[in-house]
Amino acid sequence: MRAVAVAALLATASAAAAQPANGVLLVAKPGILDPNFSHAVVLVTRTPAAETVGVILNRPTSIPADEVLPPELPSGNYRDQMYFGGPLLRQVVVALFHAVHAPPAPAFHVLKDVYLSMHPDNIKMLLGSKQRRYRLYLGFSGWAPGQLEDELAADGWYTLPAEDEMLFRHDTAGLWQELLDRARSRRASLRGRGASRGQAAALDCAFSKVILPPR
């Protein structure tokens, strides 16, 4: 089952690499009880199969890179922490990285010059350099077609545009509160212009569909 899931994700990433960037941030509301996503900020993108995948930006771990990377890879070049990307395939290493040109191996195009990939060739390329800007995650987050839209319609998340400067912060401890405050301010502004709470939640859902259009 795990091999099939990884193969499917690699296949969709290959198709996504040539597509326009379409990343968005999900900011968990305080009422989310799932421990995987409590106080989480998730960078997500839409796959060609209409699934939504991404990584949690603010879950650093204490796991050394050399404990999870294959021994043949130069893990010593990786100076950052390993992050928890989400509850799916937790033993799989996923990379979020900058690249001026699309990488040769399959990857999701998340933002301008920013890609997300679990392909071993991309991870080997990144680890082979001390100059690349990237971060490694264990596992990833994912939603089936329509699932995230349902959660947004139920007012489970705030959505915000993804910005490059947020993706590789050294200290992510205050990221959730910062973005929660920003999202609440955005909601308050909408309410101040006459939108009801339900309408504001609907606008969050509509915003996600603009940023994450069906491919």
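Please treat every number below as a calculation from the coordinates, not as lab data. Keep in mind that what you see is a predicted model, and the values were worked out from it rather than measured. Heads up, the Cβs are rebuilt from the backbone with ideal geometry, glycines too, and the neighbour counts pull from every protein chain shown.
Any chance you could run the full-extension gain for His98 through Asn77? It's 0.36 nm times the residue separation minus the Cα-Cα distance, nm to one decimal. Working shown, then result.
Values: separation 21, 0.36 × 21 = 7.56 nm, distance 1.62 nm.
Extra length from His98 to Asn77 when fully extended: 5.9 nm.
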Inset, instruction - Arrange the following residues from fewest to most other Cβ atoms within 10 Å of their Cβ: His170, His109. - result: His170, His109
